[in-house]
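Participant: Questions regarding the structure given below will be posed in turn.
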Amino acid sequence: MRSSRGVARLATGLSLWCLLAQGVSGYVDGSGLSNYSFPDDFIFGVATAAFQIEGAWNIGNKGESMWDTYLHKHPNFTVDGSNGDVATDSYHKYKTDINCVKSLGLKYYRMSISWPRILPQGTDNVINKDGVRYYRTLFKELLKENITPVVTLFHWDLPTPLMDLGGWSNPKIIDYFEDYAKVAFTLFGDIIKLWSTMNEPHQHCSNGYGGDNFVPAMMSGGVGEYLCAHYMLLAHARAYHLYDKSFRPHQKGKIGITLDAFYAEPKDPTKQSDRDAAERYLQMHLGIFAHPIYSSMGDYPPLVRERINNISLSQGFTRSRLPYFTSSEIDLLRGSSDFFGLNHYTTYLMSDMPMLQGWRVPSWDHDTGVLLEQNPLWPKPGADWLAVYPAGFRKVLNWITRNYGTRIPIIVTENGVSDFGGLNDYARVSYYNNYLYQMLLAMYEDGCNIQGYFAWTLMDDFEWKDGYTVKFGLFHVDFNSTERTRIPKLSAFNYAEIVRRRRINFKYIEQIPKAHINIL
Ligand code: GBH
């Protein structure tokens, strides 16, 4: 049951002005609390990923992941020359992490398993007992604290021996991923009841296989990146059905996938070509993964299929660069997710752009044919790609609902903002308040079926190519101390209060001295 709406009385002119200044659309009462509240059974959590926090890259018989290997070979790949060798040292400090999650009052913790920590060769002939023990201990400790672990099988740290075979561009990986999933379900399925097969295949394939923003930096524009997408989708479907048939009957859990989406808004909404560009972007980057799984038709979206086929032919390719699913693969994929895991951070303004200097041809970018810009008025507290536009969150939730319906619940598996550090992270407090409010609007005013939300991320961590330069954490981490001390930021207290009260307090910053004076 949804909780009460509690619509506030008419706001006075002054408080309305305050709301607008904060970018809040909608009424809150004099206390500053949001008019809508989160249902009692709403899933609130916080997310992390193995490579970004664990460290212990060569400890306990762990195999190497492609990020380990690549960063050791190319120490200047990250902007600060850093790597994940120690990260936040969560391999050793997992108890501290659990205390942090607990202190936020959360009942859910989304994390990922490092594939090479379980299977050092990538394949299931060798199972690393130390790795298994590490995760089982961690899961049990979480349960002891009444925190449900939500586990992602693949958050980008592919075992190096499998990358050497071409990684996700080699179809054989579908079997190996299924084998890995089977090991994980067998060893952990008694405890884990919520699985995500993989995190953001779109970011993984476009940055890692199409370009060189991520490892493996394959630079196979328009070819390798679609192979990666295609085989990741099929591997996901195989893991889903394996769980569904052989594990769900007795383990009784749920399994889905996590997709990422920027929202795409037309730069000039009065221009048809900009509106088309925005819709094309969403289909080419989100629909390409979501349509095969969540649409009633299945398969790639018609727009995507047609566009990549036509451009491929015009470039002299005999066959489309986007592989075809067989009809049984279409069936395998359709409906292969119990929830829609969504990672959302920001919005871009779209306009039609057939070619841009810097685009490789062929490439996903060139196939999409859209120029991405952001409104200079949107604040950018940290990473250059992440501008704050809360309304985009509501819009992307609606886009998903419009395209795929309300039957499958959406779980927001990541949402958050970066800055350059500091405990008094006002920008992050404001980001969470305003984004969460847009999610409430999507739930109560638009009828989107949203059942959970995970803040990204628990603590400052290894932020891929950005190394440790940008911070996403609710907890500050002191990377100069061997202890990697975690300290709650203002946003941690604010989030904990939202989780406890089930409402957003838009006056949190004003009230902070009273509420948390002892800690600051
Ligand atoms: C998510 O990716 C990841 O799941 C998570 O691991 C990550 O820490 C988090 O978000 C924060 O980034 O340099 O202009 O080409 C988000 C995807 C990937 C989006 C890198 C921005 C760089 C854009 N991000 N990408 S650009």
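We did not get these values from a lab; they are worked out from the coordinates using the rules stated. From a predicted model like this one, the values you see are computed outputs, not experimental measurements. When we count neighbours, we look across all protein chains shown, and the Cβ atoms used for this are built from the backbone with ideal geometry, even at glycine.
Participant: Spelling out what I want: for every residue of the stretch 294-305, take phi, set θ = phi - 60°, compute 6.51 cos²θ - 1.76 cosθ + 1.60 (Karplus), and round to whole Hz; glycine and proline get x.
Facilitator: 9, 7, 6, 6, x, 6, 5, x, x, 4, 5, 4
Participant: When the convex hull of the Cα atoms of the chain is projected onto a plane and the area is averaged over all directions, what value comes out in nm²?
Facilitator: Computing the convex hull of the Cα atoms and averaging its projections yields 23.8 nm².
Participant: In percent, how large is the relative contact order of the stretch 231-377, given Cα pairs closer than 8 Å and 6 or more residues apart?
Facilitator: Here the relative contact order equals 31 percent.
Participant: Quick one: what are the phi-derived ³J(HN,Hα) couplings along the stretch 44-52, Karplus 6.51/-1.76/1.60 with θ = phi - 60°, whole Hz, x for glycine and proline?
Facilitator: Once rounded to whole Hz, the list reads 10, x, 9, 10, 9, 9, 3, 5, 7.
Participant: Can you pull the one-decimal nm distance between simple spin-label points at Q357 and H250, each 7 Å off the Cα toward Cβ?
Facilitator: 6.4 nm
Participant: Do any chymotrypsin sites (Phe, Trp or Tyr not before Pro) in the stretch 409-498 lie in a DSSP loop with no more than 12 other beta carbon atoms within 10 Å, and if so, which?
Facilitator: F420
Participant: Could you tell me the ratio Rg/Rh of the stretch 211-257? Both radii from Cα atoms, Rh via Kirkwood.
Facilitator: With Rh from the inverse mean 1/r over Cα pairs, Rg/Rh is 1.21.
Participant: Next up: DSSP beta bridges in the chain, what fraction antiparallel, as a percent rounded to 5?
Facilitator: Of all bridge pairs located within the chain, approximately 20 percent are antiparallel.
Participant: Give the relative contact order (percent, whole number) for the chain; include only Cα pairs under 8 Å separated by 6+ residues.
Facilitator: Relative contact order here is 17 percent.
Participant: Mind checking which aspartates and glutamates have their Cα closer than 17 Å to the Cα of K245? Skip sequence neighbours fewer than 8 apart in that chain.
Facilitator: D175, E178, D179, D190, E329, D331, D338
Participant: Would you work out the charge dipole size for the stretch 251-304 about its Cα centre, treating the Cβ of every Lys and Arg as +1 and the Cβ of every Asp and Glu as -1, and quote it to the nearest 20 debye?
Facilitator: Dipole size: approximately 260 debye.
Participant: Follow-up. With charges only on Cβ, +1 for K and R and -1 for D and E, what is the dipole size of the stretch 394-469 about its Cα centre, in debye, rounded to 20?
Facilitator: 460 debye
Participant: Which value, in debye to the nearest 20, describes the size of the charge dipole of the chain about its Cα centre when Lys and Arg Cβ atoms bear +1, Asp and Glu Cβ atoms bear -1, and nothing else is charged?
Facilitator: I would put it at about 1480 debye.
Participant: Indicate the gyration tensor shape class of the stretch 284-365 (rounded, prolate or oblate), computed on the Cα atoms with a ≥ b ≥ c the square roots of the eigenvalues: a/c under 1.5 is rounded; otherwise a/b larger than b/c is prolate and the rest oblate.
Facilitator: Oblate is the answer for the stretch 284-365, as a/c is 1.5 or above yet b/c matches or exceeds a/b.
Participant: Which ³J(HN,Hα) values, rounded to whole Hz and listed in residue order, are derived for the stretch 488-493 from phi using the Karplus coefficients 6.51, -1.76 and 1.60 in 6.51 cos²θ - 1.76 cosθ + 1.60 with θ = phi - 60°, glycine and proline given as x?
Facilitator: Couplings: x, 8, 3, 5, 5, 5 Hz.
Participant: A follow-up question, please. Amide H of L342 versus every other amide H placed in the peptide plane: which residues, excluding those fewer than 5 positions away on the same chain, fall under 5 Å?
Facilitator: So L342 has HN proximity to L259, I411, V412, T413, E414.
Participant: Which residues' amide hydrogens lie under 5 Å from the amide hydrogen of L194, considering only partners 5 or more residues apart or on another chain, with H built in the peptide plane?
Facilitator: For L194, whose amide H was placed from the backbone, the distant partners under 5 Å are V151, K254.
Participant: In addition: Kindly provide the helix-only [θ] at 222 nm of the chain, computed as the sum of -39,500 (n - 2.57) over DSSP H runs of four or more divided by all residues, to the nearest 500 deg cm²/dmol?
Facilitator: -11500 deg cm²/dmol
Participant: Amide H neighbours of L33 under 5 Å, counting only residues 5+ apart in sequence or on other chains, H built in-plane at 1.01 Å?
Facilitator: F506
Participant: Say the cut-off is 19 Å between C-alpha atoms; which of K140/K193; K182/K252; K62/K140; K62/K172; K144/K193 go over it?
Facilitator: K62/K140; K62/K172
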